[in-house]
1. In segment 78-114, what count of residues is obtained for those that are more than 18 Å from the chain's Cα centre (by Cα) and modelled with pLDDT under 90?
2. Can Lys38 be described as farther than 17 Å from His164 by Cα, basic (Lys, Arg) and more than 17 Å from the chain's Cα centre (by Cα)?
3. What do you reckon, is Gly54 more than 17 Å from the chain's Cα centre (by Cα) and farther than 25 Å from Glu152 by Cα?
4. Could you give every pair whose Cβ atoms fall below 9 Å, whose first residue belongs to segment 43-57 and is small (Gly, Ala, Ser), and whose second residue is part of a strand (DSSP E or B), counting only separations of at least 6 or pairs across chains?
5. Write out, first by first residue and then by second, each pair whose Cβ atoms fall under 8 Å of each other, whose residues are 6+ apart or on separate chains, and whose first residue, in segment 150-166, is free of Cβ contacts under 8 Å to residues at least 12 places away in the same chain and part of a helix (DSSP H, G or I) while the second is of a type in the set (Ser, Thr, Tyr) and loosely packed, with under 15 Cβ neighbours inside 10 Å.
6. Those residues that are over 17 Å from Gly66 (Cα atoms), among the basic types (Lys, Arg) and part of a strand (DSSP E or B), I need them from segment 77-120; list them, please.
7. Report whether or not Ala26 is among the aliphatic types (A, V, I, L, M), over 26 Å from Arg93 (Cβ atoms) and more than 17 Å from the chain's Cα centre (by Cα).
Amino acid sequence: MFHYSAKLWVEESAKEITVHHAVPFAHPDPCDFKGDGKGLDVLTDFHVVIRRQGANLHDLLKEYFGVKFEGSVPVPEEGYIEKVEYGSLRGYRVTLQNEGCGQYEYYFPFNEKETLVVVRSFISEFIPTTFFFDELRQKYEKLSGAILPSEEESLFNQVLSTLHIL
């Protein structure tokens, strides 16, 4: 259970909760590095997936390249794995990216056998990576109904800081 803006769509399944927002807008896929994709029909400007994992924090993070541990606790490394706090949630954020595309993965230990995992997609259209996309980014910022990066951050904070685990 959590609070969220009426702008966002929430879908629940037995395994996860997805919180999402998009606006219609045909544009090139900024993460199509080959350049052979057909493009996108919508601008997804908010996408978060929340799920419980039946594994502890150490087991979930040990697979990532370069994560160091002191006992079972990950050692923070700026720009890669950082301590985070949202309301009553305390854990770690791992940044996975390639040229402005990727996601943040948040890990909040629940108990010795479970971890709350939150995956937050980058909104790549708003990340200036090339001159070509800088021009498009200006169009994205003027789209009616689009969630801009500062609002996306605020909405994400609202979801996580009000999240209650049952």
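The values are calculated or read from the model by the stated rules, or taken from the named source; none is laboratory data. Small disclaimer: the values here were computed from a predicted structure and weren't measured. Backbone-built Cβ (ideal geometry, glycine too); neighbour counts: all protein chains shown.
1. 3
2. Against the criterion (farther than 17 Å from His164 by Cα, basic (Lys, Arg) and more than 17 Å from the chain's Cα centre (by Cα)), Lys38 qualifies.
3. In short, yes.
4. Close Cβ pairs (under 9 Å, with a partner that is part of a strand (DSSP E or B)) amount to Gly54/Thr115; Ala55/Thr115.
5. none
6. Arg90, Arg120
7. Yes, satisfied.
Matching residues to (1) in a loop (DSSP other than H, G, I, E, B); (2) surrounded by 12 or more Cβ atoms within 10 Å (Cβ to Cβ):
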residue	(1), (2)
Phe2	yes, yes
Thr18	no, yes
Ala22	no, yes
Lys34	yes, no
Gly37	yes, no
